[in-house]
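Here's the structure we're looking at; comments come further down.
The values are calculated or read from the model by the stated rules, or taken from the named source; none is laboratory data. Not measured: the values here are computed from a predicted model. No Cβ is skipped: glycine too gets one built from the backbone with ideal geometry, and neighbour counts run over all protein chains shown.
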Amino acid sequence: MEQYALDQLKNIAKVSTTCKRLELTRRERLERWAESLEHSPRPFLRTLHETEYKPIADRLALRDDGTPLSVAFADPILRAAGMENDSYGEAKRFFELSDEQLHDLVCFCHFGEQVSAAVIARRLRKMANYNPGGFFAQLRAFFG
């Protein structure tokens, strides 16, 4: 395979340096993460330690290789949709999760050193399909 510098490619082909971000809903992002976990070559993944006790800045920067978060970031579709890295803070932002929700997915205190990728996938599907009921929730959904 031949490799070319960007300037050389511009002489050969039309090159766009802008890439339109893939638009996925929150539910689609969570479902895609679950699918990535189900297809992960690693059936067991590492957890993050004491996420609930870390100062906010430290918690947001938390990351490790071989975690459910790194599986999500390895997925090209999720990266194309805007996932920027595999940190706790980025997962919170990108998947629109609360600290409590993310803590329930990746923290050591729930699973020990390792967690089954299948267990996290099931929890993500539950979150993706959760639809808060009640009159006021329906009004919020209707009026945006």
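Within the stretch 48-57, does at least one residue satisfy the condition of being farther than 18 Å from LEU22 by Cβ and under 15 Å from the mean Cα position of the chain (by Cα)? Lay out the reasoning, then the answer.
Step one: list which residues in the stretch 48-57 are farther than 18 Å from LEU22 by Cβ, which gives 48-57.
With the extra rule that they be under 15 Å from the mean Cα position of the chain (by Cα), the set shrinks to 48.
Yes, because at least one residue in the stretch 48-57 is farther than 18 Å from LEU22 by Cβ and under 15 Å from the mean Cα position of the chain (by Cα).
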* Which members of the stretch 127-143 meet the condition of being surrounded by 11 or more Cβ atoms within 10 Å (Cβ to Cβ) and either among the small types (Gly, Ala, Ser) or at pLDDT 95 or above (or both)? -> ALA128, ALA137
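Which of the following residues is under 13 Å from the mean Cα position of the chain (by Cα) and either closer than 21 Å to ALA118 by Cα or in contact (Cβ under 8 Å) with a residue 12 or more places away in the chain (or both): LEU60, LEU97? I'd like the intermediate steps shown before the answer.
Details: LEU60 fails: under 13 Å from the mean Cα position of the chain (by Cα).
The unique qualifying residue is LEU97.
Residues are listed down the side, and each one gets a yes or a no for (1) at pLDDT 95 or above; (2) of a type in the set (Ser, Thr, Tyr); (3) part of a helix (DSSP H, G or I):
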site	(1), (2), (3)
LYS10	no, no, yes
GLU23	no, no, no
LEU30	yes, no, yes
ARG59	yes, no, yes
* Asked: Taking PHE44, is it hydrophobic (A, V, I, L, M, F, W, C) and touching a strand residue (DSSP E or B) at 6+ places or on another chain (Cβ under 9 Å)?
  -> yes
* For the stretch 79-93, which residues satisfy the criterion of being in a helix (DSSP H, G or I) and surrounded by 21 or more Cβ atoms within 10 Å (Cβ to Cβ)? -> TYR88, ALA91
